[in-house]
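The values are calculated or read from the model by the stated rules, or taken from the named source; none is laboratory data. Keep in mind that this is a model prediction, so the values were computed, not measured. All Cβ positions, glycine included, derive from the backbone under ideal geometry; neighbour counts span all protein chains shown.
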Amino acid sequence: MARLLSGGPGHTRAIARDLGSACRPGSVIALEGGLGSGKTVFVQGLAKGLGIRRPEEVRSPTFALIQEHPGRLPLCHADLYRITAEEAEDIGLSEYWRGASAGDWVTAVEWADRAGRILPRRTLLVRLLRSSQRGREITFWGRGEWPRVLAGWKEKWIKKS
């Protein structure tokens with residue numbers, strides 16, 4: 001587990017950019033937090049770290065549900081705000097980590113708590129909470145390779161703060 005404090009949107013994007021740089025094909029990032037907590041801002045930073053062109057144009061696909069972005073590592077960005085856990089299984093999201101091209105993608109899922117049981121065990125959970133008017137507390141939990149990645153990454157960000 002790692003916990004970081006972000007001073008604002010630019011800081012949140014920078015933290016997520018570094019995470020994007022550490023992602024591998026097949027990485028799944030599950031984002032949780034209330035409305036306005038910074039999930040989409042986080043995905044914009046993640047997109048920059050993945051080499052997505054124009055990451056500032058990444059928007060939450062609330063109505064489309066899934067948006068694909070080409071880059072050094074392609075990004076599947078999903079927003080499950082409007083659907084139930086049962087519907088999450090029906091939209092084909094799991095194909096990005098189970099399907100034929102599963103090893104090619106990094107998947108970011110906003111409102112991941114609505115995904116039910118479809119997220120793989122190796123998912124990195126990112127929880128964003130407002131800690132002040134502009135600040136956010138960002139907490140990371142993960143299994144598999146993530147604890148090792150987070151340990152070194154947390155050290156880097158503590159030194160930057």
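Taking the residues in the stretch 1-30 that are free of Cβ contacts under 8 Å to residues at least 60 places away in the same chain and of a type in the set (Gly, Ala, Ser) as candidates, determine which candidate is farthest from Val58 (Cα to Cα). For the stretch 1-30, the residue satisfying everything is Ser21.
State yes or no: is Ala102 modelled with pLDDT of 90 or more, of a type in the set (Gly, Ala, Ser) and surrounded by 14 or more Cβ atoms within 10 Å (Cβ to Cβ)? When the stated conditions are applied, Ala102 does not pass them.
Contact map, the stretch 39-60: first residue closer than 13 Å to Asp79 by Cβ, second residue among the aliphatic types (A, V, I, L, M) and part of a helix (DSSP H, G or I), Cβ cut-off under 8 Å, separation 6 or more or different chains; pairs are Phe42/Ile15; Phe42/Ala16; Val43/Ala16; Val58/Val43; Val58/Ala47; Ser60/Val43. Can you pull out the residues in the stretch 23-56 that are surrounded by fewer than 22 Cβ atoms within 10 Å (Cβ to Cβ) and over 23 Å from Leu129 (Cα atoms)? Hits for the stretch 23-56 are Arg24, Pro25, Gly26, Gly51, Arg53, Arg54. Could you check, for the stretch 103-110, whether at least one of its residues is in a helix (DSSP H, G or I) and more than 19 Å from Gly33 (Cβ to Cβ)? Scanning the stretch 103-110, I find at least one residue that is in a helix (DSSP H, G or I) and more than 19 Å from Gly33 (Cβ to Cβ), so the answer is yes.
Candidates in the stretch 24-39 are the residues that are in a loop (DSSP other than H, G, I, E, B) and either touching a helix residue (DSSP H, G or I) at 6+ places or on another chain (Cβ under 7 Å) or modelled with pLDDT of 95 or more (or both); of these, the one that is nearest to Leu80 (Cα to Cα) is Gly33. Among the candidates Ile91, Ile66, Ile15, Ile52, the residue that is under 21 Å from Trp153 (Cα atoms) and touching a strand residue (DSSP E or B) at 6+ places or on another chain (Cβ under 8 Å) is uniquely Ile15.
Among the residues of the stretch 40-87, which ones are closer than 14 Å to Ala14 by Cα and part of a helix (DSSP H, G or I)? Within the stretch 40-87, Thr40, Val41, Phe42, Val43, Gln44, Gly45, Leu46, Ala47, Lys48, Gly49, Pro55, Glu56 meet the criteria.
Could we say that Gly92 is in a loop (DSSP other than H, G, I, E, B), modelled with pLDDT of 90 or more and either over 14 Å from the mean Cα position of the chain (by Cα) or of a type in the set (D, E, K, R) (or both) here? Against the criterion (in a loop (DSSP other than H, G, I, E, B), modelled with pLDDT of 90 or more and either over 14 Å from the mean Cα position of the chain (by Cα) or of a type in the set (D, E, K, R) (or both)), Gly92 does not qualify. Scanning the stretch 65-90 for residues that are touching a residue at least 12 places away in the same chain (Cβ under 8 Å) and over 14 Å from Trp111 (Cβ atoms) returns His69, Pro70, Gly71, Arg72, Leu73, Pro74, Leu75, Cys76, Glu86, Glu89.
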